[in-house]
Amino acid sequence: MQLTCFYRPMLKVNNLTKYFAHRLILDNISFSVKENEIVAMIGSNGCGKTTLLKIIAELETMDQGQIILKKTNHKIKTGLV
């Protein structure tokens, strides 16, 4: 017998694009995060990590794309290093 688990993402980002003035900061970013999954973003200074987090938190606007955030009673833990 084979069991298959299907997880709906808690967070799904589709084709997110962000410009500052005419400078492209985030270009067509897509990813999903499943419940109980631990993720990390790494990259060089100025590549858009903080901008992406601010867009997800609705502290910054995006120029194009979609963000789907599943409503839960769980606290989402975030941190910056």
Checklist entry - Can you tell which of GLU37, GLU58 is open to solvent by 100 Å² or more (accessible area, probe 1.4 Å) and either modelled with pLDDT of 95 or more or in a loop (DSSP other than H, G, I, E, B) (or both)? => result GLU58
Checklist entry - Are any of the residues in segment 12-33 modelled with pLDDT of 90 or more, part of a loop (DSSP other than H, G, I, E, B), open to solvent by less than 50 Å² (accessible area, probe 1.4 Å) and not basic (Lys, Arg)? => result no
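The values are calculated or read from the model by the stated rules, or taken from the named source; none is laboratory data. It should be emphasised that the depicted structure is a prediction, and the values quoted were computed from it without experimental measurement. For the accessible areas, the whole protein counts, side chains as well, though only heavy atoms, and no ligand, DNA or RNA atoms are used. Shrake-Rupley method; radii C 1.70, N 1.55, O 1.52, S 1.80 Å.
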